[in-house]
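The values are calculated or read from the model by the stated rules, or taken from the named source; none is laboratory data. These numbers were taken from a predicted model, which means no experiment stands behind them. Note that each Cβ is placed from the backbone with ideal geometry, even for glycine, and that neighbours are counted across all protein chains shown. All accessible areas refer to the heavy atoms of the entire protein, side chains included, with ligands and DNA or RNA removed. Shrake-Rupley method; radii C 1.70, N 1.55, O 1.52, S 1.80 Å.
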Amino acid sequence: LTAAHCCDGMRPAGSNVRINGDIYDVNTIVMHPDYDDYNTTNDVCMLKLTEKVSTTGANPAVLPSAPIDMKDVDSLDIFWLDGSNQLILIPGIFVSDIKCFQSYEDSLTAETMMCAQELIGSRDDFCNSPGGVPMTFETVLVGIGSWGYGCAMPEYPGVYAQIDAYLDWIAKEME
């Protein structure tokens, strides 16, 4: 799973992903049918690969089994891409929907978007890293990096596609 804005205009032929140092070819790209690039809503995309991914030496995230009440989550793992396209982990915190709405006003859809920011410091999650990066709670994938305003502005946390809002779509596409 990644952000739909990362898949927009992408074709499977010649596309690949790197997972734990191994490269896998993309067979099919499935963007959410209701993705809206203007409002960045439903910003999720599934990349179906030509072969099964080896999890040797990896700690893959799992999908949530049901909706997660994020206000009960005290810490998150936010991933960024460094300059060499390696994922690095940054401790993060959930930002309440109320605070998120105060920051972005009419730009959010609460049912499918959520906000988070770095635990220590003031970086906006998308200042130095593109969207599409995972956000996890323990080993559960809870968000996919979507967008944010500005750079290093604590009043504007990063906005994520909220994975539990898409469980039915994911299950249907995995059939």
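Amide H to amide H, with H built 1.01 Å from N, residue 119 comes under 5 Å of 92, 93, counting only residues 5 or more places away or on other chains.
Look at the dipole of the chain built from charges on Cβ: of 147, 46, 28, the Cα furthest out on the positive end belongs to 28.
Calculated on C-alpha atoms, the gyration radius of the chain divided by its Kirkwood radius gives an Rg/Rh of 0.94. Among residues other than residue 70 with Cβ under 10 Å from its Cβ, the summed charge is -3 (Lys and Arg +1, Asp and Glu -1). Of the residues 165, 13, 116, the one that moves most in a GNM of the chain with alpha-carbon contacts below 10 Å is 13.
The local environment of residue 167, defined by Cβ-Cβ distances under 14 Å, has a net charge of -4 under the rule Lys, Arg +1 and Asp, Glu -1. Counting only Cβ charges, +1 for Lys and Arg and -1 for Asp and Glu, the dipole size of segment 1-81 around its Cα centre is about 360 debye. Over all distinct Cα-Cα pairs of segment 16-116, the Kirkwood formula returns a hydrodynamic radius of 16.5 Å. The charge dipole of the chain, taken about its Cα centre with unit charges on the Cβ of Lys, Arg, Asp and Glu (plus for the first two, minus for the last two), comes to roughly 500 debye.
Starting from the Kirkwood Rh over alpha-carbon pairs, what translational D in µm² s⁻¹ does segment 19-65 have by Stokes-Einstein at 4 °C and 1.567 mPa s? The calculation lands on 100 µm²/s. The heavy atoms of residue 105 offer some 130 square angstrom of accessible surface to a 1.4 angstrom probe. Computed with a 1.4 Å probe over protein heavy atoms only, the accessible surface of the chain comes to 55 Å² per residue.
For the chain, with all protein chains present and a 1.4 Å probe, just round the carbon and sulfur fraction of the accessible area to a whole percent. Summing carbon and sulfur atoms, their accessible area is 50 percent of the total for the chain.
Each of residue 37 and residue 96 was given a label point 7 Å from its Cα along the Cα-to-Cβ line. The distance between the two points is 3.7 nm.
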